[in-house]
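Peer 1: Dropping a structure here in structure tokens format, bear with me for questions.
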Amino acid sequence: MIDFKQQKILVQDTADQYSETLVDFDRSSVKRTWKKNQSYQLELTAANDDSLAYSILRNENSLLMGGQEYVIKQVKPDLKGYSNQVAITANHIYYESRRIWQYQKRAGTITYSIQDILHYFFDNNPYGFTWEVIGDFSKVQIENLGNTSALDALNTCVDKFNCVIYPDNKHIRIYSRDAWQKKVDKSYLYGHNTTTFSCSWDTTSIQNVTKCHGKQKDGQEGQYYFPPFIAKNDTSIKRWGERPGAEISDERFTDKNAMNAYAMSTMQADPVTTMALAYDGDDQVLPGEVWYLRVESEQFDTDVEVTGITDYPFAPDHKPEVELDNSVRTLLDEDIAQERLIKEAVKHNQTATKEIKQVSQTASKAFNSRLTGMPVVTTKRMRRDATLPAFTLMVPDDNAEMGLAKGQTFHVTTRTDLVEGLETFIDGKIPEMPEIPEYKPATPTDDGLMSAVDKVKLDKLKIEPLSELLMTDKVDGSIYVITVEKGEIKVKKGE
């Protein structure tokens, strides 16, 4: 299994003459990718430090990391200024089994065990490849076996026996599905140890209907132990409709029920399920492990198999990206989750409808109780440069809260400091009033509201009509008394 502990990287040439540890490389670029029965490779970017390790980073040389060997297949120099780098992609040594070629061909349709195929291709191979079968497999029929590589033969085993291939360097282990999966007490909990999750189903390859042919009776052409029949997966048909596919012919079967069971196991009756997440937890993630997955927001929980891992062994802050699968179980759990969500959605809609009705009533009441206004006709008192129109407020409908009837106008209480533009409007038009001093009543001796002299003069004044009038001679200053006696004006000199 993959060892996720940080390891050194060793570079080795094909002739095993040179071997040196790689030192100058971008640690965040080291990416190891494994996908069940699909890919197993290592990528990195190294800098030119004039070392032996850098000089042998060439095609077909090897990288050794984590106890596994990878053969360099792609070398991409990247020259930037004075910095020389090279990007490397290397495939697991397991893929070198393509160099084993079986030129012979076994003509016709023959029944094989998985061991028969492996012996036929790997026996006495010159490259040191070995194999091991783990689990039980039924025999299958294969037409014209041979004239292909051992790697192609392994891919045929995947298709025909539904097996899992997981290599340990040149030792190739072939697992049955039951032997491959390992249930562990570990969990992916969305929102806790994983914050990214995606799930998709591919219905392209669904097949739930096929025609079955069993063994023919010896010496009786066209005579079978049971007549050819149509096998159908009713559960899949109920969900996806009929999806017919290629017929199955297998000489191993003389019993119809056994043939039907085999047909059910070989058809892709459900969509291919793919899930992916970024794991933020501390538990080690290994191929073939079956974890418990829960996505609470989707009411989704199931057991899922680890089918792909992309990890960054020299960048501990970069969490592994995990691909998961459990087609049938996941699909059933998704159905249950969707049914729950539908029920909750219906309940939510009913509640929302009630709330919308209440809100509508409240909104209608609020709309009818809103304030509107009547425009004020422009007057001379209004500023000519006013930019906003003036309105007298009114209500369009009865407003019990304000005690107003429909169409009734009203005004609001305000203050001079709240009237926009008032200060500018009156500035310079109303003069400032001087401070008014405080005065006391005047007396013949003390000034007050008037001077004391004026007070003496004021006191001498007599109220009309007068009985006599004193006049001063303009020439000599003599005082004369003027009186009116029986209608005649009399003047006599005063004393």
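The values are calculated or read from the model by the stated rules, or taken from the named source; none is laboratory data. As the structure is a computational prediction, the values presented were derived from the model and not from experiment. Ideal geometry is used to build each Cβ from the backbone, glycine not excepted, and the neighbour counts take in all protein chains shown. Surface accessibility is based on the protein's heavy atoms, side chains included, excluding ligands, DNA and RNA. Shrake-Rupley method; radii C 1.70, N 1.55, O 1.52, S 1.80 Å.
Peer 1: When you look at residue 468, is it of a type outside the set (Ser, Thr, Tyr) and surrounded by fewer than 10 Cβ atoms within 10 Å (Cβ to Cβ), yes or no?
Peer 2: For residue 468, the condition - of a type outside the set (Ser, Thr, Tyr) and surrounded by fewer than 10 Cβ atoms within 10 Å (Cβ to Cβ) - is not met.
Peer 1: Continuing with this model, one more query. Which ones in the stretch 22-63 are touching a Gly at 6+ places or on another chain (Cβ under 9 Å), of a type in the set (A, V, I, L, M, F, W, C) and assigned to a loop (DSSP other than H, G, I, E, B)?
Peer 2: Answer for the stretch 22-63, where residues must be touching a Gly at 6+ places or on another chain (Cβ under 9 Å), of a type in the set (A, V, I, L, M, F, W, C) and assigned to a loop (DSSP other than H, G, I, E, B): there is none.
Peer 1: What about residue 184, is it open to solvent by 30 Å² or more (accessible area, probe 1.4 Å) and either touching a residue at least 60 places away in the same chain (Cβ under 8 Å) or farther than 22 Å from residue 291 by Cβ (or both)?
Peer 2: It is true that residue 184 is open to solvent by 30 Å² or more (accessible area, probe 1.4 Å) and either touching a residue at least 60 places away in the same chain (Cβ under 8 Å) or farther than 22 Å from residue 291 by Cβ (or both).
Peer 1: Given the conditions (1) open to solvent by less than 40 Å² (accessible area, probe 1.4 Å); (2) out of contact with any Leu (no Cβ under 6 Å at 6 or more places or on another chain); (3) outside any loop (DSSP other than H, G, I, E, B); (4) farther than 20 Å from residue 162 by Cα, report the number of the one that residue 231 does not fulfil.
Peer 2: (4)
Peer 1: I'm checking my understanding of the structure. Among residues of the stretch 406-439 that are open to solvent by less than 50 Å² (accessible area, probe 1.4 Å) and in a loop (DSSP other than H, G, I, E, B), which one is modelled with the lowest pLDDT?
Peer 2: My answer is 421.
Peer 1: Further, regarding this structure: If the Cβ limit is 9 Å and pairs must be 6+ apart or interchain, which residue in the stretch 1-19 that is assigned to a loop (DSSP other than H, G, I, E, B) pairs with which residue that is of a type in the set (Asp, Glu) and at pLDDT 90 or above?
Peer 2: If the second residue must be of a type in the set (Asp, Glu) and at pLDDT 90 or above, the pairs left are 1/168; 2/311; 4/311; 13/60; 14/60.
Peer 1: Got a sec? Which of 279, 262, 225 is open to solvent by less than 80 Å² (accessible area, probe 1.4 Å) and over 23 Å from residue 176 (Cβ atoms)?
Peer 2: 279
Peer 1: Of all residues in the stretch 477-495, which are open to solvent by 100 Å² or more (accessible area, probe 1.4 Å) and part of a loop (DSSP other than H, G, I, E, B)?
Peer 2: Scanning the stretch 477-495 gives 486, 495.
Peer 1: Could you check, for the stretch 84-102, whether at least one of its residues is open to solvent by 40 Å² or more (accessible area, probe 1.4 Å), among the aromatic types (Phe, Trp, Tyr), modelled with pLDDT of 95 or more and not in a helix (DSSP H, G or I)?
Peer 2: Yes - at least one qualifying residue is present in the stretch 84-102.
Peer 1: Just one of the numbered conditions (1) small (Gly, Ala, Ser); (2) crowded, with 18+ Cβ neighbours inside 10 Å; (3) in contact with a Ser or Thr (Cβ under 6 Å, 6 or more places away or on another chain) is not true of residue 200; which one?
Peer 2: Against the list (1) small (Gly, Ala, Ser); (2) crowded, with 18+ Cβ neighbours inside 10 Å; (3) in contact with a Ser or Thr (Cβ under 6 Å, 6 or more places away or on another chain), residue 200 comes up short only on (2).
Peer 1: In the stretch 39-53, what residues are free of Cβ contacts under 8 Å to residues at least 60 places away in the same chain and within 41 Å of the chain's Cα centre (by Cα)?
Peer 2: Correct list: 39, 41, 42, 43, 44, 45, 46, 47, 48.
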